């Protein structure tokens, strides 16, 4: 896989592999994660975000909101939570939905993602009764990821792009509880025949 040796300040980076990108509908209270490979350089994210392509229609009790985060890798699955955003609102309109990654207090270093594998996470709130969930920019297919995620048994070997994983998901993750600090390894299932939300990170430099 092509790997660049440096990141440019102000540019937005996202999971790169042999992927096809397209809009996809999402499910609320489902924790999505996609692998993100950092090259030889260090990525210092100062903003995180997604792109809404079809706006949420907010019903009774609905919240046009999402929480985004970054996990470190732990033996091929999400491990310790490195960063979680506050609630990001505005999913009832199309466009970029972003949050700045705050500069830490004096004496602390900003988040630095060194060479290695990470997991970018998203957790969406309900659209409410009578509402419709949004569609967002997503990884539609990615056979290169699927080879690394593996399958449960020989009978699950893929026979088409629709049977290869685009990421991982875990159901029954209440939005109100936010992102788990260290998800149990047993909660994950592969996202098959559906897109995984595409999350961007803006490099703050230097």
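Calculated [222 nm] ellipticity per residue, helices only, for the chain: -1000 deg cm²/dmol; basis is -39500 (n - 2.57) per DSSP H run with n ≥ 4, divided by all residues, nearest 500. Is the C-alpha gyration tensor of region 74-133 telling us rounded, prolate or oblate? Criteria: a/c under 1.5 is rounded; beyond that, a/b larger than b/c is prolate, otherwise oblate. Verdict is oblate for region 74-133.
For the pair residue 42 and residue 154, the difference between a 0.36 nm per residue extended length and the Cα-Cα distance amounts to 36.5 nm. Between 16, 154, 113, the GNM of the chain built on Cα springs shorter than 10 angstrom shows 154 fluctuating the most.
When the chain is treated as a GNM with alpha-carbon contacts under 10 Å, the residue of 135, 196, 160 showing the greatest mean-square fluctuation is 160. Seen from every direction in turn and averaged, the convex hull around the alpha carbons of the chain projects onto 12.0 nm².
By other beta-carbon atoms within 10 Å, ranking 203, 75 with the fewest at the front produces 75, 203. Ordering 66, 87 by the number of other Cβ atoms within 10 Å of each residue's own Cβ, fewest first, gives 87, 66. Of the Cα atoms belonging to region 91-174, the radius of gyration and Dmax stand at 18.0, 54 Å.
For region 66-98 and region 131-147, compute the distance between their C-alpha centroids and round to whole Å. Each part's Cα centre sits 15 Å from the other's. Which shape class applies to region 5-76: rounded if a/c is under 1.5, otherwise prolate when a/b exceeds b/c and oblate if not, where a ≥ b ≥ c are the square roots of the Cα gyration tensor eigenvalues? Note, shape of region 5-76 comes out prolate. Largest GNM mean-square fluctuation across 155, 184, 194, computed for the chain with C-alpha springs under 10 Å, falls on 155.
Within region 150-205, all pairs of alpha-carbon atoms sorted by distance into 10 Å bins from zero give the percentages 18, 39, 30, 12, 1. Between residue 54 and residue 147, the simple spin-label model (points 7 angstrom out along Cα→Cβ) gives 3.3 nm.
FYI, it's all coordinate maths here, none of it is from the lab. These numbers were taken from a predicted model, which means no experiment stands behind them. We place every Cβ from the backbone using ideal geometry, glycine too, and count neighbours over all the protein chains shown.
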